[in-house]
Amino acid sequence: MKSFTYERVDSAAAATAAFTRTPGARFIAGGTNLLDLMKLEIETPSHLIDVSRLALDKIEATAEGGLRIGAMVRNTDLASDARVRRDYGLLTRALVAGASGQLRNKATTAGNLLQRTRCPYFYDTNQPCNKRKPGSGCAAIGGFNRLHAVVGASDACIATHPSDMAVAMRALDAAIETVDAAGKARAIPIADFYRAPGKTPHLETVLAPGELITAVTLPKPVGGTHIYHKVRDRASYAFALISVGAIVQRDGTGRVALGGVGYKPWRVEAAEAALPRGAKPVADGLLAGARTTHENAYKLPLVERTLAGVLAQAKG
Amino acid sequence: MKFDTPATTNPIDQMKIVGKPTNRIEGPLKTTGTAPYAYERHDVAANQAYGYVVGSAIAKGRIASMNLDEARAAPGVIAIVTADNAGKLAKGNFNTAKLLGGPDIEHYHQAIALVVADSFEQARAAASLVRVEYTRGKGAYDLAAAIDTAIKPKASFGTEPDTAVGNFAAAFAAAPVQLDARYTTPDHSHAMMEPHATIAAWEGDKLTVWTSNQMIAWSVGDMAKTLGIPKENIRFDSPYIGGGFGGKLFNRADVLLAALGAKASKRPVKVALPRPLMINNTTHRPATIQRVRLGATADGKLTAIGHESWSGDLPGGGPETAVAQTRLLYAGENRMTAMRLAVLDLPEGNAMRAPGEAPGLMALEIAVDELAEKVGMDPVALRVLNDTQVDPEKPSRPFSQRQLNKCLETGAEKFGWSKRAKPGATRDGRWLVGMGVAAAFRNNLNGPSAARVRLAKSGVVTVETDMTDIGTGTYTIIAQTAAEMMGVPLDKVVVKLGDSSFPVSAGSGGQWGANSSTAGVYAACVKLREAVVQKLGLASDAVFADGKVKAGRRSVALGDAAADGELVAEDNMEYGDLAEKFQQSTFGAHFVEAGVDAMTGEIRVRRMLAVCAAGRILNPKAARSQVIGAMTMGAGAALMEELAVDKRFGFFVNHDLAGYEVPVHADIPHQDVIFLDEADPTTSPMKAKGVGELGICGVAAAVANAIYNATGVRVRNYPITLDKLLGKLPDMV
């Protein structure tokens, strides 16, 4: 770990101002991912701005009938909120499928969205990795990549986004509210939040330097049956091989988002029209243009079969 | 004491304390966090500095240059140890690769430097400033590609590479039912909870290490050899060990580098191997490729048994002895086994819990299941039919005790085996459900083991031996042994372990620790009893019970024998040739019910049962803990554990506990263990055998067979992950 300086701020404005003062700074909240990355010198910020005490830890109703979830709301608190459990069950189910109780007690809503890939080559600083060290190459391509992306990847990077929560957020059409260094606020639909790896896999989101997430908003509830099926080799405490988050209405229409298949929670709205016709056409639409490796081709039939199981479960 | 004739009745047979399910005597220290593990021994030496290990970034080649300037100038840095400045170092007898590499690199993450600083953070930060340029060499990393170059290895630990009886080829060719299949097991990591860790301090030319080590005397000897100093000048202290599984049988880089760091910095130095470094820096269970050929009559009698295994290791290393159990497990007149060893430049392969048998049974016991299906027989019945009560390769040697059939039959009854349906026929909602069985087999090994016992005026008996407790319950069974022998309650016994200044024990490994070390304590207690009766002037047939010594009408408090000074006795248990005359082995049967999600192929164990026949069980509670832990490890081997080899760069890619998955609680819903009532008089006066490794033997095959029974899909390559089932599962509903 490189030496760094640290300050704690008490407002979003103070946080962005601190960032402007100290180039090379990173915001830290729960620290469940960033600290690990710092110990391994995958992240080497010169300065940490602790935003964990900002008064952004409330879940409030919005005028539109939805919820505004403060950036600092802990994963545990979000998952157990009565309104979330009642109206956004997919979100609760995705959250509790992730990490462990201890980690969820620390991890924040904003931090969960911004966690970095668990590609083992990204984690080993002796290995080439375009995401960690731009231009150094990708060791996962041609290497151990059973866990890697099948859609949206590039010749520079085949890493997946590890979040379960983000999959639910994507299916729920969440928006990410931010404030930038100039004090300007904006709301970014989660569909537009993550950047495709292309030739620059080290750039992962559309956030500008110093732009701080303040909240995530959910539109008003859409009803339906909410199912999150996370598929993994062991029963708990593992990242998804793939996951399926679905909201299915009585008439068979609905929404589907996938985890563990790409650099972002993967949803193709156009494919959802086929939901009443079953899993295959939806999976075909979701995975159109998929590119698999020698080790991860199983993810394509796995998505289809898992979705079929989810749809069967939704029918009851 | 020499044990060379089968045991007769002795004080242990009273079983007043031995054989009772006893809580661990050191348990409260562990549950309250006050048992001091190696890295936490802040009190043993003042002014401890911190060492951080730099591991090689390449698997094979040379260090072209190493620049220490930046690291040396970093805050807090006291010293940097490298092969360049460490002086002459020999290689330990138990090490294949050097513990401090350079300029030649033998494997990935081989230690090449230790940075010592005032704080851990300073040492770690400076370690990343060590600038190394490498010249990559060409290495071999792919076992499947290397097996054509594999050679017949030398015999290791008395295990010959090849055996043959009768005419296997002819019998197999003539057999009405034949099974010929190839199986693979991957590299496994010990993944014990406590990483390797050591604090080292020098006083003049004398070295003390506080460490985490299973085999104290081996490791003292190896450290003496490596450093080129007399072993009398080295003291090891390892009272608490957070798991080893064979990964701590030998010195690893932490011990050597702490000693060298302490010398260079003239301060005590502590070194722990960080988890992401451990997996490639230390040892692992090597991957195997195995071919099993079984020939049988139409009614299931085995006539030909062939088992071949290929594994790899660094030059000078040894094979994974995966065919060992096949020489002893089933009857059959014509047999052959062979092991071949390829050179691989992956990290060093070595012992991990039940080396040989664990991966060997993963293959053999699937093969037996496959044969049973070909014959059309129940796999329990097929195993029972092919039982042998003698060493099949040397029929003049009987097994000392062998109740494999009773394990199988008892387990079948308790588990509800008769409800097992044909493959793919049982559904529970979306789950396909199946049952599997496998035999468990692991040899019993005994080793010389010494102990010293002290009797105080208070009547307290103190046992001292360099035996280790690696989480197995050794403290407790030694206390039970001494209490039974001396006729005192458990709370009148103090047990001190893991210190090389104590008499040399058998140590912990190969499931030999429990029987061997308690036998050593037995021997010392026999001597102490003799000293007591002599001191008290009692007849030699005096009875030790209730804290008293009784002979005729006299009854004297035990402590009175030490009224004018502590009584001390020491002895070493040594063994004659009973293990040659009798084949001493441990047996078991594993039953597993597994569910497979018909849609996703996810596999979950639903319940497990082990029935074990392993001699006298000294402490059923501790033994049960050993077996359920081993069953858990076996489930891991079946379903998830695999060190992923990068065949281009030559290293294990998933080198932390996020990437190397072991079972979590949710994976292990229900376990039962039954111990058959046994006492084996040929093993020692304790009449006990090992059980800690038996528990893992066969588990993975039982899981594999349950998956087959659930789905009708046979997977012969471990771990059995859903991607290996997916294309073969029934069509979607």
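Within the option set B:661, B:693, being under 30 Å from residue B:516 (Cβ atoms) and surrounded by 18 or more Cβ atoms within 10 Å (Cβ to Cβ) holds for one residue only, B:693. Take the conditions part of a helix (DSSP H, G or I), away from every other protein chain (no Cβ under 14 Å), surrounded by 22 or more Cβ atoms within 10 Å (Cβ to Cβ) and aliphatic (A, V, I, L, M) and apply them to residue B:702. Does it pass? In short, yes.
Within region B:107-130, residues that are within 13 Å of chain A (Cβ to nearest Cβ) have Cβ atoms under 6 Å from residues that are part of a helix (DSSP H, G or I) and open to solvent by 10 Å² or more (accessible area, probe 1.4 Å) in these pairs: B:109/B:277; B:129/B:70, counting only partners at least 6 apart in sequence or on another chain.
Any residue at all in region B:210-217 that's open to solvent by 30 Å² or more (accessible area, probe 1.4 Å) and farther than 23 Å from residue B:50 by Cβ? Yes, the conditions are met somewhere in region B:210-217.
Pick from A:161, A:148: which is within 29 Å of residue B:666 (Cα to Cα), away from chain B (no Cβ under 14 Å), at pLDDT 95 or above and assigned to a loop (DSSP other than H, G, I, E, B)? Going through A:161, A:148 in turn, the sole match is A:161.
The one condition from (1) assigned to a loop (DSSP other than H, G, I, E, B); (2) under 22 Å from residue A:238 (Cβ atoms); (3) more than 14 Å from every other protein chain (Cβ to nearest Cβ) that residue A:155 does not meet is (2).
One line per residue, one yes/no per condition, for (1) within 15 Å of the chain's Cα centre (by Cα); (2) under 29 Å from residue A:53 (Cβ atoms); (3) hydrophobic (A, V, I, L, M, F, W, C):
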position	(1), (2), (3)
A:151	no, no, yes
A:195	yes, no, no
A:201	no, no, no
A:223	no, no, no
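This table checks each residue for (1) surrounded by fewer than 23 Cβ atoms within 10 Å (Cβ to Cβ); (2) in contact with a helix residue (DSSP H, G or I) (Cβ under 7 Å, 6 or more places away or on another chain).
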{"residue": "B:83", "(1), (2)": "yes, no"}
{"residue": "B:87", "(1), (2)": "yes, no"}
{"residue": "B:90", "(1), (2)": "yes, yes"}
{"residue": "B:93", "(1), (2)": "yes, yes"}
{"residue": "B:109", "(1), (2)": "no, yes"}
{"residue": "B:122", "(1), (2)": "yes, no"}
{"residue": "B:130", "(1), (2)": "yes, yes"}
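Of everything in region A:222-232 that is within 17 Å of residue A:95 (Cβ to Cβ) and away from chain B (no Cβ under 12 Å), the residue that is surrounded by the fewest Cβ atoms within 10 Å (Cβ to Cβ) is A:227. Any residue in region A:209-232 that is small (Gly, Ala, Ser) and within 21 Å of residue A:29 (Cβ to Cβ)? Scanning region A:209-232, I find at least one residue that is small (Gly, Ala, Ser) and within 21 Å of residue A:29 (Cβ to Cβ), so the answer is yes. Of the residues screened, residue B:727 is one that is open to solvent by 10 Å² or more (accessible area, probe 1.4 Å) and within 11 Å of chain A (Cβ to nearest Cβ). Inside region B:599-612, residues that are more than 8 Å from chain A (Cβ to nearest Cβ), more than 24 Å from the chain's Cα centre (by Cα) and surrounded by 24 or more Cβ atoms within 10 Å (Cβ to Cβ) make up a count of 1. Selection of region B:627-641 for residues being buried (at least 24 other Cβ atoms within 10 Å of the Cβ) and either facing another protein chain (nearest Cβ under 10 Å) or within 21 Å of residue B:707 (Cβ to Cβ) (or both) yields B:630, B:631, B:633, B:634, B:635, B:636, B:637, B:638, B:639, B:641. The set of residues in region B:52-82 being away from chain A (no Cβ under 14 Å), among the hydroxyl-bearing types (Ser, Thr, Tyr) and in contact with a Leu (Cβ under 9 Å, 6 or more places away or on another chain) consists of B:82 alone. Of all residues in region B:160-181, those that are farther than 11 Å from residue B:336 by Cα have Cβ atoms under 8 Å from Cβ atoms of residues that are surrounded by fewer than 18 Cβ atoms within 10 Å (Cβ to Cβ) and of a type in the set (A, V, I, L, M), 6 or more apart or on another chain, in B:176/B:298; B:177/B:298.
The values are calculated or read from the model by the stated rules, or taken from the named source; none is laboratory data. Here the structure is a predicted model, which means the values were calculated and not measured. Cβ: placed from backbone, ideal geometry, glycine included. Neighbour counts: every protein chain shown. For the accessible areas, the whole protein counts, side chains as well, though only heavy atoms, and no ligand, DNA or RNA atoms are used. Shrake-Rupley method; radii C 1.70, N 1.55, O 1.52, S 1.80 Å.
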